[in-house]
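The values are calculated or read from the model by the stated rules, or taken from the named source; none is laboratory data. Computed from a predicted structure; not experimentally measured. Here the Cβ is made from the backbone with ideal geometry for all residues, glycine too, and neighbour counts use every protein chain on show.
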Amino acid sequence: MSATDTHRTIDAVWRIESARLIAGLARMLRDVGLAEELAQDALVVALEQWPQSGVPDNPGAWLMTTAKHRAIDRLRRSKLLERKHEQLMHELEHEQEHARAADEAALDDPFGDDLLRLIFTACHPLLSMEARVALTLRLLGGLTTEEIARAFLVPEPTIAQRIVRAKRSLAKAAVAYEVPRGEEIAARLSSVLGVIYLIFNEGYSATAGDDWMRPALCEDALRLGRVLAGLMPREPEVHGLVALMELQASRSRARVDACGEPILLLEQDRSLWDRLLIHRGLAALERAGKLGGALGPYALQAAIAACHARAFTGEETDWPGIAALYRTLARVMPSPVVELNRAVAVGMAGGAVAGLELVDALVDEPSLKRYHLLPAVRGDLLVRLGRVDEARREFERAAALAMNRRERELMRKRAQACGESTSSG
């Protein structure tokens with residue numbers, strides 16, 4: 001194997017193994033920052049040795065053993081945490097005994113998984129949402145600081161500072177490296193799901209920059225969601241979130257043209273929708289329902305996405321059903337954005353006048369003042385009512401508010417089309 005091939009293999013191994021490696025070290029050391037540092041040390045050793053020695057048969061175990069040795073050396077040099085030193089030595093000398101002890105401990109911990117502990121630690125509510133996202137992608141996604149910065153169009157030093165501060169905050173607060181239990185689990189799980197969906201959404205509809213989509217972020221979020229569903233199979237909202245992401249991701253190939261320009265939902269070539277992802281999404285939605293989670297916020301949004309997925313053409317879409325689901329979602333998760341989406345569905349099911357009435361009730365909503373989709377939706381409805389001059393002004397306003405270049409250009413084109421329609425009339 002050439003050096004280039006070896007480096008590619010190491011990169012692939014790191015993407016697969018890094019989260020488990022960091023999670024296992026964090027369990028032993030109770031320090032996420034130190035765990036990541038030692039994992040990176042092991043990676044450096046692999047980059048130095050594997051091009052000459054070859055990739056080991058079990059690269060994940062090799063990295064873990066190397067990191068453990070590094071941990072022991074670090075503890076010896078610092079002459080601190082003697083108990084941890086002895087614990088690591090014991091693990092290296094008695095791996096089988098350690099495995100039995102871990103199995104016994106898992107009986108007391110219904111989740112009993114290092115990865116699950118790491119997920120809940122990285123998404124701890126103590127941290128800002130920006131810090132949770134950066135730390136999650138770093139520790140669980142295996143992304144470099146540069147990759148995270150590039151994905152979110154943020155300067156690399158800013159991301160680096162967020163990650164460093166997040167680790168310090170966790171250490172300073174002595175956050176327990178564990179899966180929350182009892183009443184705390186619902187709030188903490190909500191934070192985890194929120195982080196994963198934020199990552200997915202930033203990939204699915206980029207808020208800024210030149211690209212309409214960033215597929216790599218969608219893939220990272222989907223992978224994290226699937227892992228979480230495997231670790232928490234009895235949590236309906238986890239399956240609801242996975243269903244929502246699978247169903248939305250199924251449209252990815254149809255959402256942009258060859259030049260990267262956006263294609264709106266009703267104009268998409270549905271033969272390009274990924275039927276495998278749709279099948280997986282519908283199966284996950286069914287699991288959420290069987291677990292009693294049909295009315296969870298993510299499951300409801302997934303049910304809405306499923307209505308679109310089941311329609312082979314835009315005309316076949318069950319808009320009354322979607323409007324009813326949005327009405328339920330508005331009760332479960334009250335939000336002006338949910339109301340705006342409900343207005344779209346009502347406009348499609350009951351006519352543009354009914355939809356516009358709902359949108360007009362949101363015009364003075366403070367949280368939507370800078371939300372470009374409010375004037376965009378209003379413009380759509382006005383076009384359908386033949387009020388194209390008013391619609392043009394709404395699309396121009398939407399373009400002025402949009403931060404994403406592709407979306408801004410789309411709104412400008414729609415405004416221009418309204419102007420042309422007025423001139424020809």
Inter-residue pairs, beta-carbon under 6 Å, first in the same structural domain as residue 43 (by TED's automatic domain parsing) and among the β-branched types (Val, Ile, Thr) and in the stretch 15-26, second crowded, with 23+ Cβ neighbours inside 10 Å and modelled with pLDDT of 85 or more, 6+ apart: 22/35; 22/39; 22/139
Give me the pairs, please: first residue somewhere in the stretch 254-273 and free of Cβ contacts under 8 Å to residues at least 40 places away in the same chain, second residue anywhere and exposed (fewer than 13 other Cβ atoms within 10 Å of the Cβ) and of a type in the set (D, E, K, R), beta-carbon distance under 9 Å, and either six or more positions apart or on two chains. 254/269; 263/257; 263/269
Please determine whether any residue of the stretch 53-60 is of a type outside the set (Ser, Thr, Tyr), closer than 27 Å to residue 137 by Cβ, buried (at least 19 other Cβ atoms within 10 Å of the Cβ) and at pLDDT 70 or above. no
The conditions are (1) closer than 26 Å to residue 214 by Cα; (2) at pLDDT 95 or above, and residue 362 fails exactly one of them. Which is it? (1)
For residue 130, which of the numbered conditions (1) over 28 Å from residue 13 (Cβ atoms); (2) acidic (Asp, Glu); (3) at pLDDT below 90 fails to hold? (3)
Which ones in the stretch 51-61 are of a type in the set (A, V, I, L, M, F, W, C) and within 15 Å of residue 21 (Cβ to Cβ)? 61
From the options 368, 382, 340, 374, residue that is under 25 Å from the mean Cα position of the chain (by Cα) and farther than 21 Å from residue 325 by Cα: 368
Which residue, of 109, 11, 31, is modelled with pLDDT under 60, under 26 Å from residue 121 (Cα atoms) and within 28 Å of the chain's Cα centre (by Cα)? 109
Residue count, the stretch 1-32 (criterion: surrounded by fewer than 16 Cβ atoms within 10 Å (Cβ to Cβ), part of a helix (DSSP H, G or I) and not acidic (Asp, Glu)): 7
Kindly provide the set of residues from the stretch 166-210 that are basic (Lys, Arg) and at pLDDT 90 or above, ordered by number. 167, 168, 172, 188
The stretch 200-243 - residue that is buried (at least 19 other Cβ atoms within 10 Å of the Cβ) and of a type in the set (Asp, Glu) and, of those, farthest from the chain's Cα centre (by Cα): 235
Consider only pairs whose beta carbons are under 6 Å apart and that are at least six residues apart or on different chains; among these, list those whose first residue lies in the stretch 355-378 and is in the same structural domain as residue 403 (by TED's automatic domain parsing) and whose second residue is acidic (Asp, Glu). 375/394; 378/394
State yes or no: is residue 246 closer than 26 Å to residue 317 by Cβ and over 13 Å from the mean Cα position of the chain (by Cα)? no
Which pairs have Cβ atoms under 8 Å, sit 6 or more apart or on different chains, and link a residue in the stretch 49-75 that is in contact (Cβ under 8 Å) with a residue 24 or more places away in the chain to one that is acidic (Asp, Glu) and assigned to a helix (DSSP H, G or I)? 59/17; 60/17; 63/17; 66/41; 67/41; 68/91; 70/41
Residue selected from the stretch 326-354 under the condition in a helix (DSSP H, G or I) and hydroxyl-bearing (Ser, Thr, Tyr), by the criterion surrounded by the most Cβ atoms within 10 Å (Cβ to Cβ): 326
Sort out which residues of the stretch 124-140 are in a loop (DSSP other than H, G, I, E, B) and either free of Cβ contacts under 8 Å to residues at least 24 places away in the same chain or surrounded by fewer than 24 Cβ atoms within 10 Å (Cβ to Cβ) (or both), and write them in order of number. 124, 125, 126, 128
What's the total number of residues in the stretch 386-404 that are among the acidic types (Asp, Glu) and buried (at least 18 other Cβ atoms within 10 Å of the Cβ)? 2
